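The values are calculated or read from the model by the stated rules, or taken from the named source; none is laboratory data. The shown structure was predicted, so the numbers you read here are calculated from the model rather than taken from an experiment. Counting neighbours? That spans all protein chains shown, and the Cβs are built from the backbone with ideal geometry, glycine included. Just so you know, the surface numbers come from the protein's heavy atoms only, side chains and all, with ligands and any DNA or RNA stripped out. Shrake-Rupley method; radii C 1.70, N 1.55, O 1.52, S 1.80 Å.
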Amino acid sequence: MAVDSRTARLKKVLWGARVRGAAATHRSVLAILLIVAQLGVLPVFAADQQPANPRANVRSPHGALSRPCEDCHTRTAWTPMRNLPEFNHNDTKYPLRGMHLSVGCKQCHTNMVFTKVGMRCADCHADLHRGQFGANCEQCHTVKGWKVSLNAVKDHFNRFPLIGAHAVVECDACHKSAASGQFQGLSTSCFSCHQADYRTPVINHVGLSFGTNCSDCHSMNSWLGAKFDHLKYTGYALLGMHATLDCSACHAGGHYAGTPANCFGCHQKDFTGTTNPNHVQAGFPHDCGVCHSSVAWSPATFNHSTFTNFPLTGAHVSVPCASCHVNGNYGAIPTDCASCHMGDYNKTTNPNHKSAGFPTTCNTCHNTTSWTNATFDHSKTPFPLTGAHVSVPCASCHVNGNYGAIPTDCASCHMGDYNKTTNPNHKSAGIPTTCNTCHNTSSWTTATFDHSKTAFPLTGAHVTVPCASCHVNGNYGAIPTDCASCHMGDYNKTTSPNHASAGFPTTCNTCHNTSSWATATFDHSKTAFPLTGAHVTVPCSSCHTNGNYTTLPTLCYGCHQKDFTGALTPPHLAGGFPQTCVTCHTTAAWSPATFNHATFANFALTGAHATLTCVQCHVNNNYNLTSTACATCHMTDFNGTTSPNHKTSGFPTDCSICHSTTAWIPATFNHNTTAFPLTGAHVSVACATCHVNNNFTTLPTDCYSCHTANYNGTTNPNHKTVGFPTTCAVCHSTTAWSPATFNHNTTSFPLTGAHVTVACTSCHINGNYTTTPTDCYSCHTADYTGTNNPNHVASAFPTTCATCHTTTSWAGATFNHTWFPIYSGTHAGKWTTCGDCHTNPADYSVFSCITCHQHSQANTDPHHTRNTNYVYSATSCYSCHRNGNGG
């Protein structure tokens with residue numbers, strides 16, 4: 001480039017910078033310096049003093065910074081920096097706003113690495129609140145100034161956070177009385193301020209009965225750009241193409257009511273105009289979703305398995321719809337195979353289906369894959385194929401194509417085999433033709449006969465006996481099954497014992513088994529006399545004398561009469577003992593014998609009775625005693641007792657009430673079995689203390705009869721003068737006369753709260769326990785008249801103290817505002833103290849509604865435009881709105 005042209009260029013740059021001002025000059029510094037360097041007028045930048053690239057091998061102290069150094073620094077020195085650096089903080093992640101615009105860079109960037117600066121308020125500003133409001137300073141403060149109206153902002157954070165467009169609205173835009181410091185009484189619902197927006201004619205919210213909860217569709221940022229949840233409010237989710245449609249495409253003319261939610265309602269033209277297939281002609285249902293989706297009308301899919309009773313399988317899947325639905329018939333199409341495949345059925349010759357009379361239920365053998373690879377499952381017929389039958393050609397049984405009346409019994413096909421069999425000869429022996437009794441389908445010759453399935457199973461030696469030994473002359477019919485029929489010879493020749501002379505029964509299996517005749521055993525336990533004890537080892541002939549096995553007695557006395565009559569200790573015969581020997585004796589031995597006195601005499605021997613000898617009671621061998629009462633033997637003991645005297649006291653002669661069989665003394669008496677159980681101090685009182693002069697019969701059981709002196713002598717309080725009832729148990733117990741307790745809860749005035757600890761005399765003055773009033777005011781008149789907050793007398797409060805107070809304390813009362821609902825409805829949470837409405841603290845009958853319901857165009861007046869009796873005064877609201885509701 002020529003020098004003149006470079007000079008001209010430099011002048012042009014300088015002149016342009018002059019015209020555009022200082023900012024342009026700053027941005028043109030680098031360009032000017034480059035031109036001057038090209039002109040060769042800056043010897044200070046010689047090659048031997050500075051690298052060709054000023055940034056080469058230089059590490060920035062600011063960290064990873066992509067900006068050129070010239071934006072902030074000069075060419076002459078690193079510091080000081082340029083007065084107006086070419087750096088826009090708005091291009092960073094933290095734009096400067098508000099008070100931050102006037103803060104010096106070094107006040108925040110104390111580190112040379114500029115990115116090491118936090119962006120949270122707490123990174124630069126100390127938390128004077130010590131964390132009690134959390135770390136989010138933006139809840140109360142803004143960048144416009146740290147000292148904002150903290151209380152107002154804090155309240156807004158608690159009830160109605162200002163976000164979106166609300167954050168930039170001035171206070172008096174909503175709080176019309178903000179100038180006078182009145183910030184309370186506003187509703188937090190959107191509708192309370194945005195009624196006019198709700199009634200906008202763009203979308204008729206009123207006519208469509210839209211809800212007044214604006215936040216369902218609108219956001220805090222702007223009234224426009226509302227989002228409508230189509231599924232939540234109309235029950236119709238917008239999917240596919242529906243999601244991209246303009247509202248007016250369905251809601252034409254601004255009509256949002258009555259829009260159909262079914263496909264056919266909007267797509268009737270698509271339905272009627274479709275010809276492949278013709279929906280109208282075919283009578284297709286109007287439920288478009290069966291085949292179509294919201295993505296597009298075509299392509300459509302039809303799930304034959306889901307929506308019809310004929311799922312498509314095998315070759316049916318690839319068949320065109322028109323092949324079955326001929327002439328557009330999508331209605332009465334049969335689903336059985338034969339309706340479409342009767343031609344295949346008629347032309348099949350192997351075997352010939354038609355002549356054989358095969359059923360037309362094709363799926364018995366065929367499947368939807370192909371007609372030819374058919375299989376027939378013979379196991380599903382009454383004759384499953386097994387063994388050799390499996391490999392037999394069909395025509396061997398189904399002769400001449402007969403697939404109908406084929407018998408299933410063996411003999412029908414195998415009668416020739418039956419007739420020619422000689423071992424044994426089936427025909428002459430009259431063996432039944434139920435071949436499967438012995439034969440199977442594997443082969444005819446490997447036959448087996450299971451004798452256990454007959455009425456005579458073979459066991460023992462019978463198993464190895466040749467068939468002909470029993471079935472003589474080929475008799476397989478009327479063969480007897482009882483032992484004697486074959487073994488009567490063995491029966492007659494047996495002599496030990498002689499069966500015939502003894503008259504033994506011919507039921508041989510009672511003693512014998514099929515193993516051998518000689519090893520016979522007789523089970524005496526199966527007779528009427530099982531053998532036990534010594535009887536087991538006694539030889540049979542000892543009892544069965546002279547071969548008598550029939551008329552022997554089974555009672556002990558029958559064989560042991562001599563033992564009975566010979567017994568002298570005690571003498572059985574003289575004592576009239578029963579002849580049932582088993583009462584005392586066993587089969588082990590005649591002696592020693594045992595007698596269970598409890599079981600057989602109804603008198604169990606206990607205590608001293610257990611050690612007595614029999615003759616001490618059974619005197620003179622008298623074993624026929626009839627009475628088991630104690631007095632029968634112990635009347636002398638009864639009459640001789642003097643402490644106490646049983647006879648004179650009229651004690652019952654049932655000694656067991658106090659005495660036991662251990663000894664006559666000591667005796668115990670259980671007073672709890674009487675009408676007066678002993679408890680407390682009564683337990684240790686000597687009997688004579690109450691039973692004076694041995695009176696054990698006519699003693700009273702009420703407390704007063706014995707404790708009259710205690711009743712009359714009590715002075716705290718004086719029972720007699722007060723007229724206390726003589727039912728001592730109301731307050732006293734049997735432990736001691738004092739201390740006594742009285743359960744006030746059993747009276748008409750239960751004690752609760754502070755009443756529980758009040759001394760009795762505080763209420764029952766001068767010993768009055770009868771006519772003490774139970775209403776609060778009678779005792780607390782001074783509390784009522786002395787109360788000033790509020791003044792009960794001046795305010796004409798009722799004297800039913802329990803309306804507000806409890807028995808815990810007079811202070812801390814709560815008032816249930818039953819005349820006007822201040823705790824529910826629209827007034828809930830809108831007041832702080834009673835004085836918000838009751839403006840005269842000395843008289844709570846005075847109240848004012850207009851403290852909150854102000855007289856203004858935006859508050860009270862617009863709601864009463866149709867009320868001709870509307871009057872704005874302190875109590876006028878209550879005259880109409882007695883329940884606190886609007887309308």
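Table for the structure above
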| quantity | calculated |
| --- | --- |
| Near pairs, Cβ below 6 angstrom, 6+ apart or cross-chain, from the range 649-664 (touching a residue at least 40 places away in the same chain (Cβ under 8 Å)) to any residue that is open to solvent by 60 Å² or more (accessible area, probe 1.4 Å) | 649/694; 649/696; 661/606 |
| Odd one out for residue 574 among (1) within 30 Å of residue 500 (Cα to Cα); (2) open to solvent by 70 Å² or more (accessible area, probe 1.4 Å) | (1) |
| Some residue of the range 629-649 being open to solvent by less than 70 Å² (accessible area, probe 1.4 Å), among the aromatic types (Phe, Trp, Tyr) and part of a loop (DSSP other than H, G, I, E, B) | no |
| Criterion violated by residue 587 - all others in (1) part of a helix (DSSP H, G or I); (2) open to solvent by less than 90 Å² (accessible area, probe 1.4 Å) satisfied | (1) |
| Those residues of the range 199-219 which are more than 41 Å from the chain's Cα centre (by Cα) and either modelled with pLDDT of 85 or more or open to solvent by 80 Å² or more (accessible area, probe 1.4 Å) (or both), in sequence order | 199, 201, 202, 204, 206 |
| Failed item, numbered, when residue 582 is tested on (1) outside any loop (DSSP other than H, G, I, E, B); (2) free of Cβ contacts under 8 Å to residues at least 12 places away in the same chain | (2) |
| Residue among 232, 176 that alone is at negative phi, open to solvent by 80 Å² or more (accessible area, probe 1.4 Å) and free of Cβ contacts under 8 Å to residues at least 24 places away in the same chain | 232 |
| Selection within the range 744-767 - exposed (fewer than 12 other Cβ atoms within 10 Å of the Cβ) and in contact (Cβ under 8 Å) with a residue 24 or more places away in the chain | 748 |
| Qualifying residue in the range 769-780 (condition: modelled with pLDDT of 80 or more, under 30 Å from residue 715 (Cα atoms) and touching a His at 6+ places or on another chain (Cβ under 8 Å)) | yes |
| Selection from the range 812-834 of residues that are part of a helix (DSSP H, G or I) and either loosely packed, with under 14 Cβ neighbours inside 10 Å or at positive phi (or both) | 825, 826 |
| Flag if residue 838 is under 26 Å from residue 189 (Cα atoms), part of a loop (DSSP other than H, G, I, E, B), open to solvent by less than 80 Å² (accessible area, probe 1.4 Å) and not hydrophobic (A, V, I, L, M, F, W, C) | no |
| Answer residue from the range 414-424, given it is open to solvent by less than 70 Å² (accessible area, probe 1.4 Å) and of a type in the set (Ser, Thr, Tyr) and is farthest from residue 391 (Cα to Cα) among those | 421 |
| Any hit, the range 654-664, residues being open to solvent by less than 60 Å² (accessible area, probe 1.4 Å), touching a Pro at 6+ places or on another chain (Cβ under 8 Å) and among the hydrophobic types (A, V, I, L, M, F, W, C) | no |
| Pairs where the first residue, in the range 265-292, is more than 20 Å from residue 236 (Cα to Cα) and the second is outside any loop (DSSP other than H, G, I, E, B) and among the aromatic types (Phe, Trp, Tyr), C-beta under 8 Å, 6+ apart | 271/264; 279/271; 280/271; 284/271 |
| Matching residues in the range 291-320 - criterion: being more than 17 Å from residue 279 (Cβ to Cβ) and more than 46 Å from the chain's Cα centre (by Cα) | 314, 315, 316, 317, 318, 319, 320 |
| Helices (runs of 4 or more DSSP H) fully within the range 213-280 counting 2 or more residues that are within 30 Å of residue 331 (Cα to Cα) | 263-273 |
| Residue check for residue 784: in a loop (DSSP other than H, G, I, E, B) and either modelled with pLDDT under 90 or surrounded by 14 or more Cβ atoms within 10 Å (Cβ to Cβ) (or both) | no |
| Residue among 156, 166 that alone is closer than 30 Å to residue 213 by Cα, within 49 Å of the chain's Cα centre (by Cα) and modelled with pLDDT of 75 or more | 166 |
| Residue within the range 445-459 that is farther than 29 Å from residue 410 by Cα and modelled with pLDDT of 85 or more present | yes |
| Helices (runs of 4 or more DSSP H) lying entirely in the range 307-413 (those with 1 or more residues that are farther than 30 Å from residue 434 by Cβ and either open to solvent by less than 80 Å² (accessible area, probe 1.4 Å) or touching a Lys or Arg at 6+ places or on another chain (Cβ under 6 Å) (or both)) | 321-324, 337-347, 353-356 |
